[in-house]
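Taking it in order: structure first as structure tokens, then the write-up.
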Amino acid sequence: MKGYHETRFAFNRRRDLLWKTLCEAYFQRLIPPDACVLDLGTGYGNFINHIRCARRIAVDPWEGAIPHIASDVEVHIGSATDLGFVPDNSVDFVFASNLFEHLTRKEFAIVLEQVRAKLKRGGTLNILQPNYRFAYREYFDDYTHISIFSDRSLTGFLHSHGFRVIECKPRFLPLTVLSMWPVWPVLIRFYLFLPFKPMGKQMFLRAMAEK
């Protein structure tokens, strides 16, 4: 991952506006005010900084994330494969954006095992990431991508590790929103609620642990 944040994932102020809009227009409605939210692979904190809830926890192996995270968010520098600091049955909403394609399947399985333990009954795992079915040409332009998943294979992988998919959107967002469009909140909101998503190459899945 050396140099990743200078090459593939450099800081961009427009990304924060994009995520602010995504949270307000879509993700916030999935999260109750009294919820505990765990953000895996938080990066610049664009998701967790804009979610409103009782407790917010951010996890990332990159120490450079710390200055970007809101002061009232609990930050843990480390791997998503080690969630021992989170009490069991304490989390309502786990979020992972563009994370699991960077892990081996063995590492992913370890994360899922731990997430199952941390989620409250009725809590959800929420995954946003490239869908190989639609992004196969660009998938390995990112040199840190390791594992291939489509909406179909990810659904099967989750099921085989004790999760039931309750919602699957194969085309949720374009692969590279920042480089393709102006970051206008009204345009983002309009796209989110289109019945057909042109250029949609990122999928969004929600799953519950079978306990």
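In the range 16-47, what residues are closer than 25 Å to LEU194 by Cα, surrounded by 18 or more Cβ atoms within 10 Å (Cβ to Cβ) and either aromatic (Phe, Trp, Tyr) or in contact with a strand residue (DSSP E or B) (Cβ under 9 Å, 6 or more places away or on another chain) (or both)?
Selection gives TRP19, LEU22, PHE27, ILE31, ASN46, PHE47.
Looking at (1) closer than 25 Å to ARG15 by Cβ; (2) buried (at least 16 other Cβ atoms within 10 Å of the Cβ), find the lone condition where VAL186 falls short.
With respect to (1) closer than 25 Å to ARG15 by Cβ; (2) buried (at least 16 other Cβ atoms within 10 Å of the Cβ), VAL186 is out only on (2).
Could you check GLY162 against (1) among the small types (Gly, Ala, Ser); (2) closer than 17 Å to SER97 by Cβ; (3) surrounded by fewer than 17 Cβ atoms within 10 Å (Cβ to Cβ) and say which number it fails?
For GLY162, the exception is condition (2).
For the range 82-106, name all the residues that are of a type outside the set (A, V, I, L, M, F, W, C) and either crowded, with 18+ Cβ neighbours inside 10 Å or within 16 Å of the chain's Cα centre (by Cα) (or both).
First, pick out the residues of the range 82-106 that are of a type outside the set (A, V, I, L, M, F, W, C): 82, 84, 87-90, 92, 97-98, 101-102, 104-106.
Selection gives ASP92, SER97, ASN98, GLU101, HIS102.
Suppose the filter is of a type in the set (D, E, K, R), over 16 Å from the mean Cα position of the chain (by Cα) and part of a loop (DSSP other than H, G, I, E, B); does ARG137 pass it?
Values: of a type in the set (D, E, K, R): yes; over 16 Å from the mean Cα position of the chain (by Cα): yes; part of a loop (DSSP other than H, G, I, E, B): yes.
Spelling it out, ARG137 is indeed of a type in the set (D, E, K, R), over 16 Å from the mean Cα position of the chain (by Cα) and part of a loop (DSSP other than H, G, I, E, B).
Find all pairs meeting these conditions: Cβ atoms under 7 angstrom apart; at least six residues apart or on different chains; first residue within the range 103-128 and in contact (Cβ under 8 Å) with a residue 24 or more places away in the chain; second residue in a strand (DSSP E or B) and among the polar types (S, T, N, Q).
Sorted first by the residue in the range 103-128, then by its partner, the pairs are LEU128/SER97; LEU128/GLN202.
Throughout, read-outs are computed from the coordinates displayed, never taken from laboratory work. No experiment lies behind these values; they were computed from the predicted model shown. In this analysis, Cβ positions are derived from the backbone assuming ideal geometry, glycine residues included, and neighbour counts consider all displayed protein chains.
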